[in-house]
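Here's the structure, in structure tokens; my notes come after.
The values are calculated or read from the model by the stated rules, or taken from the named source; none is laboratory data. As the structure is a prediction and not an experimental result, all values here were calculated from the model. Cβ atoms come from the backbone with ideal geometry, glycine included; neighbour counts cover every protein chain shown. Protein only, heavy atoms only, side chains kept; ligands, DNA and RNA dropped before computing areas. Shrake-Rupley method; radii C 1.70, N 1.55, O 1.52, S 1.80 Å.
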Amino acid sequence: MAGRDNWNDHWEHFAVAASRNPAQQMRHAIIAGLLRRSPGGRGLRMLDIGSGQGDLLAKLRDLLPQAKLLGFELSASGVEISRQKTPGADFVVADLLKPPEELKAYTGWATDAVCSEVLEHVDSPVDFLCAARLYLTVDARLIVTVPGGPMSAFDRHIGHRQHFTRDSIAAVLQASGFSVERIYLSGFPFFNLYRGLVIARGEKLAIDVETGGKGLSARMADAVMAMFRGLFRFNLINSPLGWQVVAVARKSE
């Protein structure tokens, strides 16, 4: 099994499931909607901080064809998958806390950045975002998504250290040198229901995902995910009960 923080093994086991995950698709739709509201003529240079296997930048390539796209990702296997999936973007294998020489070329590069479902995996979100600031222009916009609500056995299996509230993510952003513009609690009611099923499935979900599922169970999982993809269209973008936390911030001088 892919262990906690073994990111090369992680994408070898979870790449297909992540791409099909309706929760990831929901998050990417929210991020794309926020980016598409950028003022015209900014010359958008978009950095995906923790770009995984490249699904977000693949989506943005089609939605924002004039934008320059860049992904920093710790996992070499994730970068290899990303380069095949999104040839129009650049991807760099990078540990931001121990940055390779290659990253110097991107100092102050990004006008916009996304850090989606990353901060829950790191020991110090503040240190991580402070390191990421180096690659953003002054007043660059940062969109962050992090999980809220209860933590499941599957979350712990893939290395979640913590989940966040509106107040806790605001504190992290401010301590990292960002001014918070808005924080959304998204996903009520159907994302919460989906997360409830993940919690109920417990440790068995990790086995299901890593083995790809078989037979009837795989067909049932496909049907459930297809159902939630439809239901997620009716989630509220902002509700006090939402379990998906979305923050928009700016890099302070």
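Mind listing whichever residues of the range 81-113 are in a helix (DSSP H, G or I), under 14 Å from ASP55 (Cβ atoms) and not small (Gly, Ala, Ser)?
Hits for the range 81-113 are ILE81, ARG83, GLN84, LYS85.
Given the residues THR165, THR137, which is the only one that is over 29 Å from GLY108 (Cα atoms) and touching a residue at least 40 places away in the same chain (Cβ under 8 Å)?
The match here is THR165.
Considering only residues that are of a type outside the set (A, V, I, L, M) and part of a helix (DSSP H, G or I), which ones fall in the range 48-63?
The answer is ASP55, LYS59, ARG61, ASP62.
Just checking, which of THR111, THR137 is open to solvent by less than 20 Å² (accessible area, probe 1.4 Å), within 24 Å of GLY177 (Cβ to Cβ) and of a type in the set (Ser, Thr, Tyr)?
Result: THR111 is the single residue among THR111, THR137 that is open to solvent by less than 20 Å² (accessible area, probe 1.4 Å), within 24 Å of GLY177 (Cβ to Cβ) and of a type in the set (Ser, Thr, Tyr).
Right, LEU34: modelled with pLDDT under 95, surrounded by fewer than 20 Cβ atoms within 10 Å (Cβ to Cβ) and touching a strand residue (DSSP E or B) at 6+ places or on another chain (Cβ under 8 Å) or not?
yes
Does VAL93 satisfy the condition of being farther than 24 Å from ILE169 by Cα, under 18 Å from the mean Cα position of the chain (by Cα) and either among the small types (Gly, Ala, Ser) or modelled with pLDDT of 95 or more (or both)?
Yes, satisfied.
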